[in-house]
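Trainee: Quick one: the structure is below, questions incoming.
The values are calculated or read from the model by the stated rules, or taken from the named source; none is laboratory data. Bear in mind the structure is a predicted one, so any value in this text is a computation, not a measurement. Cβ: placed from backbone, ideal geometry, glycine included. Neighbour counts: every protein chain shown. In case anyone asks, the SASA skips ligands and DNA or RNA and just uses the protein heavy atoms, side chains included. Shrake-Rupley method; radii C 1.70, N 1.55, O 1.52, S 1.80 Å.
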Amino acid sequence: MMPDTVSSNETLRPWDPVVRLTHWGIAAAVLLNGLVTEDGGRVHVWVGYAAFALLALRLIWGLVGTKRARFASFPPSLSTARAHLGDLLAGRYRDYPSHNPLGSLMAYALWGLLAVVTLTGIGMAGSPFEERPATRQESVASHDRDDEREREEEDEVLEEVHEVAANLILVLAALHVAGVGLESRLAGRNLVRPMLGGRSSGKEG
Ligand code: HEM
Ligand code: HEM
């Protein structure tokens, strides 16, 4: 189906390097920790710290980065997303200066869940600058069993929230990839190429 509008030059351009680095880094970390690494193992925890650092970088970039990467360029709005969905279903396509309204909602949902999964992970594993197991041993050695039990209960809650958020991210990521594919087809241009550093050629190019 031919879109009504021709893509503007701006949105065919590659995403800036910080967006590309954080996107693919976070995607790789989520897939590794969700599907490959041993739950809570050394590699899992280090991949997790890396994911947290990338997320922090992207969120700061959302405030001070290039115009297209800034949150102000893609504010979350349910009504705009509904209108955009209506457009897509009717075969109309218009350009947006940054993420389209559905992509915007997905980005915020993924970032929110990533914050939950990385913070609960750090809550369980401790910060990379502190040696948590030593603290645990010390508390056992000092027979401070109440402290120890309290910490275990806290860890169980963190573990539960961590697991639910991790699974939700994997479900949303699958929907996200399907959405990128669908939007690319309906818009008649490849949305993935700008995320890889290339220029989207559009239907006519
Ligand atoms: C990048 C995103 C992450 C994903 C998708 C992810 C995913 C998971 C999953 C699916 C589990 C198994 C949960 C269960 O069945 O109980 C798990 C466990 C765990 N994760 Fe993560 N994780 C992530 C980040 C992190 C981070 C940042 C840390 C810490 C720095 C971390 C530390 C742990 C620990 C300690 C466990 C073991 C919990 C236990 O069974 O005691 N994770 N993670
Ligand atoms: C677990 C895996 C993934 C996660 C967590 C994820 C997350 C995100 C997030 C948060 C954004 C917003 C980017 C930003 O503004 O910084 C985004 C955008 C995007 N992602 Fe992913 N992503 C994943 C996998 C993929 C894959 C496999 C592809 C390729 C098919 C992909 C293609 C894209 C594209 C093309 C955009 C920009 C869409 C637009 O033009 O508005 N993502 N993704």
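Trainee: Taking the condition of being without any contact (Cβ under 8 Å) to a residue 12 or more places away in the chain and either within 10 Å of ligand 2 (Cβ to nearest atom) or farther than 30 Å from GLY126 by Cβ (or both), how many residues in the stretch 40-66 meet it?
Mentor: The total comes to 1.
Trainee: How many of the residues making up the stretch 104-114 are open to solvent by less than 30 Å² (accessible area, probe 1.4 Å), more than 10 Å from ligand 1 (Cβ to nearest atom) and in contact (Cβ under 8 Å) with a residue 40 or more places away in the chain?
Mentor: Here the count works out to 1.
Trainee: Filter the stretch 67-84 for residues that are more than 14 Å from ligand 2 (Cβ to nearest atom) and open to solvent by 80 Å² or more (accessible area, probe 1.4 Å); which is nearest to LEU186 (Cα to Cα)?
Mentor: Taking the candidates together, the pick is ARG82.
Trainee: Mind checking which pairs have a first residue in the stretch 188-205 that is part of a helix (DSSP H, G or I) and a second that is open to solvent by 30 Å² or more (accessible area, probe 1.4 Å) and at pLDDT 85 or above, Cβ under 7 Å, 6 or more apart or different chains?
Mentor: Going by the 7 Å Cβ cut-off, the qualifying pairs are VAL192/VAL180; PRO194/ARG13; PRO194/PRO14; MET195/ARG20; MET195/HIS23.
Trainee: Kindly indicate whether ALA174 is within 16 Å of ligand 1 (Cβ to nearest atom), closer than 26 Å to GLY121 by Cβ and loosely packed, with under 12 Cβ neighbours inside 10 Å.
Mentor: yes
Trainee: Please find, among GLY48, GLY41, the residue that is within 16 Å of ligand 1 (Cβ to nearest atom) and loosely packed, with under 14 Cβ neighbours inside 10 Å.
Mentor: Being within 16 Å of ligand 1 (Cβ to nearest atom) and loosely packed, with under 14 Cβ neighbours inside 10 Å holds for just one of GLY48, GLY41, which is GLY41.
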